[in-house]
1. Filter the stretch 84-101 for residues that are open to solvent by 70 Å² or more (accessible area, probe 1.4 Å), under 18 Å from ARG29 (Cβ atoms) and outside any loop (DSSP other than H, G, I, E, B) and give the result.
2. In the stretch 102-113, what residues are open to solvent by 60 Å² or more (accessible area, probe 1.4 Å) and either part of a strand (DSSP E or B) or at pLDDT below 95 (or both)?
3. Test LYS75 against the stated conditions and say whether it is of a type in the set (Lys, Arg) and farther than 27 Å from GLY42 by Cβ.
4. Take the residues in the stretch 57-83 that are within 16 Å of LEU18 (Cα to Cα) and among the small types (Gly, Ala, Ser), then tell me which one is surrounded by the most Cβ atoms within 10 Å (Cβ to Cβ).
5. Can you list the strands (runs of 3 or more DSSP E) found entirely within the stretch 6-56 that contain at least 2 residues being in contact (Cβ under 8 Å) with a residue 40 or more places away in the chain, surrounded by 14 or more Cβ atoms within 10 Å (Cβ to Cβ) and over 10 Å from the mean Cα position of the chain (by Cα)?
Amino acid sequence: QVQLVESGGGLVQAGGSLRLSCTASASARGINTNAWYRQAPGKQRERVAIIGSSGSTDYLDSVKGRFTISRDSAKNMLYLQMNSLKPEDTAVYYCYVVIGYKDYWGQGTQVTVSS
C-alpha cells in the first residue's frame, strides 16, 4: 500500500515562503509522475505543479516564477518551494503520484496566507 504524507504547511504572511514536503512510503516504487494539487474552500481541486519521469516540469500560470517543484527519487521525497505567497494561494495542498496505472493522494496540508 502506497502512502503519501505531506508536511510543511502553516500560516504565513503575504510575501513569505513555505516549503512543502511529501514523503512516499517505501512501497512507492517506479513513480512515473509527481505533482502538487491544491483545493481552496468552495473551489475545485487544481494542479499547481507537475514533474514527469524525465524531470520536465509544468506550473499553474498563477504560480509560475514563484513556486518550484522538485524531488529526491532516492529518498522518495517530493517538494514544493513556495515564494512570494499571496492570500489567493490559501488552500489545502495535496501530494499526488502516479505509479504504473494507479494514482495516489496524500491527506493534504493546510497553507494559509494572511494579507
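1. None - no residue of the stretch 84-101 is open to solvent by 70 Å² or more (accessible area, probe 1.4 Å), under 18 Å from ARG29 (Cβ atoms) and outside any loop (DSSP other than H, G, I, E, B), so the list stays empty.
2. Correct list: LYS102, ASP103, TRP105, GLN110.
3. yes
4. Among those residues, the one meeting the criterion is SER70.
5. So the answer is 18-24, 31-39.
The values are calculated or read from the model by the stated rules, or taken from the named source; none is laboratory data. It should be emphasised that the depicted structure is a prediction, and the values quoted were computed from it without experimental measurement. Neighbour counts are summed over all protein chains in view; Cβ atoms, including those assigned to glycine, are modelled from backbone coordinates with ideal geometry. Just so you know, the surface numbers come from the protein's heavy atoms only, side chains and all, with ligands and any DNA or RNA stripped out. Shrake-Rupley method; radii C 1.70, N 1.55, O 1.52, S 1.80 Å.
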